[in-house]
Amino acid sequence: MSVRTQSSEQSTEAVHRAGFACFVGRPNAGKSTLTNALVGQKVAITSNRPQTTRHTVRGIVHRPDAQLILVDTPGLHKPRTLLGERLNDVVRTTWAEVDVIGFCLPADQKIGPGDRFIAKELAGIKRTPKVAVVTKTDLVDSKALAEQLIAVDRLGKELGIDWKEIVPVSATAGKQVDLLADLLIPLLPQGPALYPEGDLTDEPEQVMVAELIREAALEGVRDELPHSIAVVVEEMLPRPDRPADKPLLDIHANVYIERPSQKGIIIGPRGKRLKEVGIKSRRQIEALLGTPVYLDLHVKVAKDWQRDPKQLRKLGF
């Protein structure tokens, strides 16, 4: 079993490499947090709610000798709705197109049926190299971590998966994140950079803004609305008649839920919750876009949108 830590030897190849890697794992395995840590800026939304990620977000890691493009997919799961089936299709399509797959398994949870379900699917993809990434190592002691690393190695042997590396990381503590990039890069094909220097993602700004609003809306509603929230940015325009040194961006967005009874949960008593969602997401949007923002939020009902193909299309899925 090859488990990598910082003292391991580094690759000294002088060639330039560029390619795509994706992190897979069951929902809430730390994939989005890891993407953000590698890129060094928030490009994927994170939440302790399963199925937070719905769009394939690409984070771009620039190195003098390489460009690593991270594709962040939804967690693969047993689908209960049409939305769930579409999310699983996105995952499988992505796996077939990337140069390397990182399988994320949290250090603080024993390998379960969800992990096995994904590992079996991965075992069927023969040509793509696979790296096992044991995430959230800051949550366990060294004995528990060692046991998890052995369990991950055993899982690979059982299913016939040849892990190119097994890497323990903590994205929140920044431990071994750079090492993970060092180990993924030699698995990429040789070639020139695919994106301009300085680009951190190829996500349209409107999609990222919608995701930041949805992240803020998800916070604090715990088990009540885990998958029922969708956000669509209807308009994003600079306010006319503003002096060049005092710009203001007007953003009008709709937060969609599935049932009228959910409206009160999102809005909160006397609109307090929606106001908090607006304040929190506005701060993040201003940091992302680097400009002051006026954010206008409305809550609308799109009945059972997760099961309705027409609604799914309208909401961008």
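A few points about this structure:
- Residue within segment 262-281 that is charged (D, E, K, R), surrounded by fewer than 14 Cβ atoms within 10 Å (Cβ to Cβ) and in contact with a Ser or Thr (Cβ under 9 Å, 6 or more places away or on another chain) present: no
- Criterion: at pLDDT 90 or above, in contact with a strand residue (DSSP E or B) (Cβ under 8 Å, 6 or more places away or on another chain) and assigned by TED's automatic domain parsing to the domain that holds Glu165 - qualifying residue of Gly112, Gly25, Gly59, Gly102: Gly102
- From the options Ala193, Ala119, Ala144, Ala151, residue that is touching a residue at least 24 places away in the same chain (Cβ under 8 Å), of a type outside the set (Val, Ile, Thr) and not in a helix (DSSP H, G or I): Ala193
- Selection count where residues are of a type in the set (D, E, K, R) and either under 22 Å from the mean Cα position of the chain (by Cα) or surrounded by 14 or more Cβ atoms within 10 Å (Cβ to Cβ) (or both), scope segment 282-317: 7
- Inter-residue pairs, beta-carbon under 9 Å, first outside any loop (DSSP other than H, G, I, E, B) and in segment 239-253, second basic (Lys, Arg), 6+ apart: Leu249/Arg239; Asp250/Arg239; Ile251/Arg282
- The one condition in (1) modelled with pLDDT under 95; (2) buried (at least 21 other Cβ atoms within 10 Å of the Cβ); (3) touching a Lys or Arg at 6+ places or on another chain (Cβ under 6 Å) that Ala210 fails to fulfil: (3)
- Residues (within 13 Å of Leu105 (Cβ to Cβ) and exposed (fewer than 14 other Cβ atoms within 10 Å of the Cβ)) located in segment 153-192: Arg154
- Some residue of segment 66-75 being part of a helix (DSSP H, G or I) and modelled with pLDDT under 80: no
- Among the residues making up segment 232-255, a single one is small (Gly, Ala, Ser) and within 22 Å of Lys300 (Cβ to Cβ): Ala253.
- Just one of (1) part of a strand (DSSP E or B); (2) in the same structural domain as Arg282 (by TED's automatic domain parsing) fails for Glu165. It is (2).
- The conditions of being over 21 Å from Cys22 (Cβ atoms), at pLDDT below 95 and either more than 20 Å from the chain's Cα centre (by Cα) or not in a strand (DSSP E or B) (or both) are met by Arg80.
- All positions within segment 213-228 that are modelled with pLDDT of 75 or more, within 15 Å of Ser281 (Cα to Cα) and in a loop (DSSP other than H, G, I, E, B): Glu219
- Residue in segment 181-188 that is in a strand (DSSP E or B) and among the charged types (D, E, K, R) present: no
The values are calculated or read from the model by the stated rules, or taken from the named source; none is laboratory data. Keep in mind it's a predicted model, so treat the numbers as computed, not measured. Cβ sites come from the backbone with ideal geometry, for glycine too, and all protein chains shown count toward neighbours.
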